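Asker: Questions regarding the structure given below will be posed in turn.
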Amino acid sequence: MADTDPRPVLAPILGDQLTRTLASLRGRTKDDTVILMMEVWDEATYVRHHKQKIVLIFSAMRHFAAELRDAGWTVDYVRLTDADNSGSFTGEVARAMERHDCSAIHVVEAGEWRVQQQIEEWAGRFDCAVEILEDDRFLCSIGNFREWAEDRDTLRMENFYREMRRKTGLLMDGGKPVGDAWNFDHDNRESPRDDMDPPERPKFEPDEITRDCIELVEDKFGDHFGSLENFRWPVTRDQAEKAADAFFAVRLTKFGPYQDAMVHGQDDLYHSMLSTSLNLGLLDPLELCERAAKAYADGEAPINSVEGFIRQIIGWREYVRGFYWYHMPHLERANALNAQRGLPEFYWTGETDMRCMADCVRSTRDNAHAHHIQRLMVLGNFALLAGVNPREVQDWYLVVYADAYEWVELPNVAAMILYADGGKLASKPYAASGNYINKMSDYCRKCTYSVSKKTGEGACPFNALYWHFMDRHRERLENNNRVARVYQNWDRMGEERQAEYLESAEAFLDTLTPADRGWARSE
Ligand code: FAD
Ligand code: DLZ
Ligand code: SF4
């Protein structure tokens, strides 16, 4: 029908769809398409996002719109402050339909379930054909993941990852993995060294467009969490490519060995810092993995770094996305461990004597970023051990990170760190005592607490909390053969020592002040 209809097609492009080869633009011409981009109040406020996250999305959207216009496309860009802005995607599509008299709407499926529900209502609401296209920027479609998952009793990332390696041919030597192993994780657990000196990543000074967005955010969202001072994220494809170039040139070689290391005040280490660009659509996941594989083939980076990087992207990133769609909407409400504690206030203020937690919250506030092991084994581990309510933890992670969209945040938080899905994603909870943090970081050296002290005054809280967690979830976990040995150690301690652990943990938990929910969501 669109072939004979002289009216244009409306192509709404959402804030995380900033890709020139987006499915809704492919095959269309600049004369027969009106692109719609919308800054809307609903999206900016459904949680009270970190200020840097809003600046990043608005600035990247505005730059992308300008690039499309330069390339000759018609872009109808609605700004947050436009007088008649309705505040919602559906309201803006309705207004655009009136402005442009379009024959059809072509839109790429949303990253988030909440937004997809809105898009699915458009067919009933608008008097035209609505085509919802698959987001083929992901390597595994939602449907393919479902088919893979439906055949299995348990879902494990490692099995999914091997299929993705075969499918993409990345690091494959015929039917075999390069280096004769699928996974080199055992080489990727080096503790930090005192003489470690990771090179600075490229930082992008805010240009006029970004400065306008900073002003807007300070004006409208000035009381949201986070600082804008350090805003240096890539906001265009060109900048994102420069960030990727710098990662491949100087950090990839050490990415593997120090993937799990943490150093006080060193926020990036050897991580790529590319998640914000990947999630916005400024970088292509397959292209990045192909570059990493080439670096290995050319002898420029070791297999453990390259395999580790590729596993994060075609493994974890694709896996959590498939897992999210497979388990929504109930994943959002999952609480298998019945965790009910309020989120402690120091997640927002950073005011705690736990030096590891304080540093991770500081980086989160200043950069809208913390690296994986900080999110998992410090901030996440604490929430798990203390039994914090998943909804509150989910909201926190969704607010505070510049790369946070529900499709990637929720599985990592509910399933990976909190075990709220009861073990559908991970075979056991990632619970750890202070020992782990001490081994992988320099945090404990100058902490007010003593990591070697297990209970009582001045003891590292993670130590007693660990046993408190294990004890209170014994019934669920002791039959899990990956955890069973822990209970043998616990039983060997004897009742008196056990009571000391439990009392220490209780005494610490009693000191926690729950945060006001208003930090994350406006009532
Ligand atoms: P690198 O360490 O350089 O890794 C390379 C890339 O691999 C990342 O850019 C990312 O795209 C991908 N990746 C690595 N681990 C994961 C993972 N577990 N899930 C999905 N992708 C992964 N990542 C987000 O993009 N958004 C989130 O909201 C988010 N929330 C998280 C919450 C928790 C509790 C945890 C444990 C992890 C979360 N992650 C999230 C994954 C990971 O922490 C970030 O992707 C990473 O820290 C981004 O920094 P980087 O680009 O330097 O990553
Ligand atoms: C996170 C976010 C914010 C803060 N603002 C907008 C916006 O104004 N317009 C927009 O198109 N997208 C925004 N986003 C991203 C969306 O909330 C959402 O994550 C994606 O559309 C994926 O479904
Ligand atoms: Fe964190 Fe405990 Fe180490 Fe302090 S001693 S930094 S609280 S792990």
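Asker: Condition test on residue 391, is it more than 16 Å from ligand 1 (Cβ to nearest atom), assigned to a helix (DSSP H, G or I) and of a type outside the set (S, T, N, Q)? Write out each step before concluding.
Answerer: Values: more than 16 Å from ligand 1 (Cβ to nearest atom): no; assigned to a helix (DSSP H, G or I): yes; of a type outside the set (S, T, N, Q): yes.
Considered against the rule, which asks whether it is more than 16 Å from ligand 1 (Cβ to nearest atom), assigned to a helix (DSSP H, G or I) and of a type outside the set (S, T, N, Q), residue 391 comes out as no.
Asker: Go through region 121-144 and report how many residues are away from ligand 1 (no atom under 16 Å from the Cβ), touching a Gly at 6+ places or on another chain (Cβ under 9 Å) and in a loop (DSSP other than H, G, I, E, B).
Answerer: So the answer is 2.
Asker: Please tell me if residue 400 is of a type in the set (Val, Ile, Thr) and away from ligand 3 (no atom under 16 Å from the Cβ). Write out each step before concluding.
Answerer: Values: of a type in the set (Val, Ile, Thr): yes; away from ligand 3 (no atom under 16 Å from the Cβ): yes.
Criteria met by residue 400.
Asker: Still on this model: Please specify each residue of region 422-440 satisfying the condition of being within 16 Å of ligand 1 (Cβ to nearest atom) and more than 22 Å from the chain's Cα centre (by Cα).
Answerer: 436
Asker: Follow-up question, since we're still on this one. What is the residue count in region 10-55 for residues that are part of a helix (DSSP H, G or I) and either charged (D, E, K, R) or touching a Ser or Thr at 6+ places or on another chain (Cβ under 6 Å) (or both)? Show your work before the answer.
Answerer: Step one: list which residues in region 10-55 are part of a helix (DSSP H, G or I), which gives 41-45, 51-55.
Add one more test, that the residue is either charged (D, E, K, R) or touching a Ser or Thr at 6+ places or on another chain (Cβ under 6 Å) (or both), and what stays is 42-43, 51, 53.
So the answer is 4.
Asker: Just one of 59, 103 is touching a Phe, Trp or Tyr at 6+ places or on another chain (Cβ under 9 Å) and either within 16 Å of ligand 2 (Cβ to nearest atom) or in contact (Cβ under 8 Å) with a residue 24 or more places away in the chain (or both); which is it? Give the derivation first.
Answerer: Numbers: 103 fails: touching a Phe, Trp or Tyr at 6+ places or on another chain (Cβ under 9 Å).
Going through 59, 103 in turn, the sole match is 59.
Asker: Let me ask something additional. Residues that are acidic (Asp, Glu): which helices (runs of 4 or more DSSP H) entirely in region 199-308 hold 1 or more of them?
Answerer: On the way: elements: 208-221, 237-246, 252-255, 275-280, 285-297.
Hits in region 199-308: 208-221, 237-246, 285-297.
A quick yes/no check of all residues on (1) within 24 Å of the chain's Cα centre (by Cα); (2) more than 30 Å from residue 425 (Cβ to Cβ); (3) assigned to a loop (DSSP other than H, G, I, E, B):
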site: 119; (1), (2), (3): yes, no, no
site: 146; (1), (2), (3): yes, no, no
site: 158; (1), (2), (3): yes, no, no
site: 163; (1), (2), (3): yes, no, no
site: 179; (1), (2), (3): no, no, no
site: 189; (1), (2), (3): yes, no, yes
site: 194; (1), (2), (3): no, yes, yes
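Asker: Follow-up question, since we're still on this one. Show the residue pairs that are 6+ apart or on different chains and have beta-carbon atoms under 9 Å apart, the first residue being within region 340-364 and more than 14 Å from residue 374 (Cβ to Cβ) and among the small types (Gly, Ala, Ser), the second being modelled with pLDDT of 95 or more and more than 16 Å from ligand 2 (Cβ to nearest atom).
Answerer: 342/388; 342/389; 342/392; 342/512; 342/513; 342/514; 342/515
Asker: Out of all the residues in region 1-15, which are surrounded by fewer than 21 Cβ atoms within 10 Å (Cβ to Cβ) and either of a type in the set (Asp, Glu) or in contact with a Lys or Arg (Cβ under 9 Å, 6 or more places away or on another chain) (or both)? Quick ask: steps written out before the conclusion?
Answerer: Narrowing region 1-15 to residues surrounded by fewer than 21 Cβ atoms within 10 Å (Cβ to Cβ): 1-8.
Hits for region 1-15 are 3, 5.
Asker: Looking at 189, 251, can you tell me which residue is touching a His at 6+ places or on another chain (Cβ under 9 Å), touching a residue at least 40 places away in the same chain (Cβ under 8 Å) and not β-branched (Val, Ile, Thr)? So that I can check it myself, show each step before the final result.
Answerer: Values: 189 fails: touching a His at 6+ places or on another chain (Cβ under 9 Å).
Step by step, each of 189, 251 is checked, and only 251 is touching a His at 6+ places or on another chain (Cβ under 9 Å), touching a residue at least 40 places away in the same chain (Cβ under 8 Å) and not β-branched (Val, Ile, Thr).
Asker: In region 443-501, how many residues are out of contact with any Asp or Glu (no Cβ under 7 Å at 6 or more places or on another chain) and near ligand 3 (Cβ under 9 Å from one of its atoms)?
Answerer: 13
Asker: Let me ask something else. Quick one: would you say residue 400 is more than 19 Å from residue 354 (Cα to Cα) and in contact with a His (Cβ under 6 Å, 6 or more places away or on another chain)?
Answerer: Working: more than 19 Å from residue 354 (Cα to Cα): yes; in contact with a His (Cβ under 6 Å, 6 or more places away or on another chain): yes.
Yes.
Asker: For the list (1) out of contact with any helix residue (DSSP H, G or I) (no Cβ under 7 Å at 6 or more places or on another chain); (2) of a type in the set (Asp, Glu); (3) in a helix (DSSP H, G or I); (4) more than 16 Å from ligand 2 (Cβ to nearest atom), I need the number of the one condition that residue 471 fails.
Answerer: (1)
Asker: Moving on. So which of 405, 449, 419 is of a type in the set (Phe, Trp, Tyr), within 14 Å of ligand 1 (Cβ to nearest atom) and either over 26 Å from residue 57 (Cα atoms) or surrounded by fewer than 18 Cβ atoms within 10 Å (Cβ to Cβ) (or both)? Let's see the steps before the verdict.
Answerer: Working: 405 fails: either over 26 Å from residue 57 (Cα atoms) or surrounded by fewer than 18 Cβ atoms within 10 Å (Cβ to Cβ) (or both); 449 fails: within 14 Å of ligand 1 (Cβ to nearest atom).
Being of a type in the set (Phe, Trp, Tyr), within 14 Å of ligand 1 (Cβ to nearest atom) and either over 26 Å from residue 57 (Cα atoms) or surrounded by fewer than 18 Cβ atoms within 10 Å (Cβ to Cβ) (or both) holds for just one of 405, 449, 419, which is 419.
Asker: Quick one: what pairs do we get from region 455-478, first residue closer than 13 Å to residue 498 by Cβ and small (Gly, Ala, Ser), second assigned to a helix (DSSP H, G or I) and within 11 Å of ligand 3 (Cβ to nearest atom), C-beta under 8 Å, 6+ apart or different chains?
Answerer: If the second residue must be assigned to a helix (DSSP H, G or I) and within 11 Å of ligand 3 (Cβ to nearest atom), the pairs left are 464/508.
Asker: Can you pull out the residues in region 23-43 that are more than 16 Å from ligand 1 (Cβ to nearest atom), under 30 Å from residue 365 (Cα atoms) and either without any contact (Cβ under 8 Å) to a residue 12 or more places away in the chain or surrounded by fewer than 22 Cβ atoms within 10 Å (Cβ to Cβ) (or both)?
Answerer: Of all residues in region 23-43, those more than 16 Å from ligand 1 (Cβ to nearest atom) come to 23-42.
Right, trim to under 30 Å from residue 365 (Cα atoms) and you get 37-42.
Hits for region 23-43 are 40, 41, 42.
The values are calculated or read from the model by the stated rules, or taken from the named source; none is laboratory data. Predicted, not measured: the structure shown is a model, and the values here were computed from it. Counting neighbours? That spans all protein chains shown, and the Cβs are built from the backbone with ideal geometry, glycine included.
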